[in-house]
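Trainee: Attaching a single structure in structure tokens format; questions to follow.
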């Protein structure tokens, strides 16, 4: 009995109960949908189970690391991530026209995933060290720290990941105290630069935006994804067609149905009620994350927790938006629901950092 108690204490050490409960329910729901979306493939579900085990182990590991140590590691991890991105640009493997992977001998590494954690950490570290008197110059330096990895990743090209990393860094800068006047000026500058951005976009990126405006222009080509996903979601109605009974998904009309477009499978099988339940779980996770950020004891902890939580919101919002046809398709998975290991690993590692901030109440200033 004592051994069981000790094992439970070890496993639950530094784990935030309310957050872990919401995450566990969402992950269980995701595993169920992956099984259905893969055509009831047990091997696919087992593979996702292995991905899940590795991601949960990463969550537990990061939850044990004191925020003080995380702050000390922020700059070295960021610098190492930048070096890997440069290595990808010079020596990376090319797949489907994109240079995103680095061969490390025993396998391949996608360094952009490292930056999903490194960017908010290094920006939070930077603002923590300058908390006494922030100036406009500090925000400019932070913007450069953010722009370098975003530019390298966008060049690969990997627009979806670049946007997510930009969002994670922007949230840190905004939460650090970026004035609304500066934010309005940046928004105006971005609007003015839209023609230039359009001119430097790749052809497939411009096509995605045009398809968003009128998917019926090419219903069997560029518009196929959006058309089929909206048909699947709409056909689910209020209660859905039932688990494993979605015709659009099971008859292979929905493309990438176990990854980026898994929400279409979920909506068809579980209907509006299922979508509301999923959104409620996401809201619980986000609310708990923001509560942890609000109660954080230092600038570093507050900015890191806030950025991780709002980046998770961005993941969910962008995927739901693209599957329902209100945002362009950018290749962002539905967090903790879509099949895949890399994105799941980075998301749960982020939540491990949240739990570390929640359970380590004091952070010694340095």
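Only the coordinates and a few stated rules stand behind these numbers; no lab work does. Only a predicted model underlies this, so the values are computations on that prediction, with no experimental measurement involved. Glycine also receives a Cβ, built like all others from the backbone with ideal geometry; neighbour counts cover every protein chain displayed.
Trainee: Cα centroids of the range 112-148 and the range 296-322: how far apart, whole angstrom?
Mentor: Rounded to whole Å, the Cα centres lie 15 Å apart.
Trainee: By how many nm would the segment from residue 277 to residue 50 lengthen if fully extended, with 0.36 nm per residue of separation less the alpha-carbon distance?
Mentor: Computed gain between residue 277 and residue 50 is 79.2 nm.
Trainee: Now for a different question. Rounded to the nearest 500, what is the 222 nm mean residue ellipticity of the chain from helices alone, with -39500 (n - 2.57) per DSSP H run of 4+ residues and division by all residues? Walk me through the intermediate numbers first.
Mentor: Details: 15 runs with 258 residues, N = 366.
Roughly -23500 deg cm²/dmol at 222 nm, from the helical runs in the chain.
Trainee: What nm value, rounded to one decimal, do you get for the distance between residue 183 and residue 137 when each label is placed 7 Å out toward the C-beta?
Mentor: About 2.5 nm, to one decimal.
Trainee: Then there's this: Can you sort 125, 180 from fewest to most other Cβ atoms within 10 Å of each residue's own Cβ? Intermediate values should be presented prior to the final figure.
Mentor: On the way: 125 22, 180 8.
With the sparsest Cβ surroundings first, the list reads 180, 125.
Trainee: I'd like the distance between the alpha-carbon centres of the range 154-178 and the range 232-280, rounded to an integer number of Å.
Mentor: The two parts, judged by their Cα centres, are 30 Å apart.
Trainee: Fewest to most neighbouring Cβ within 10 Å: what's the order for 202, 225?
Mentor: Starting with the residue having the fewest Cβ neighbours, the order is 202, 225.
Trainee: Another question about this same structure. Using a 10 Å cut-off around each Cβ, can you sort 339, 224 from fewest to most neighbouring Cβ atoms?
Mentor: Taking fewest neighbouring Cβ atoms as first place, the list is 224, 339.
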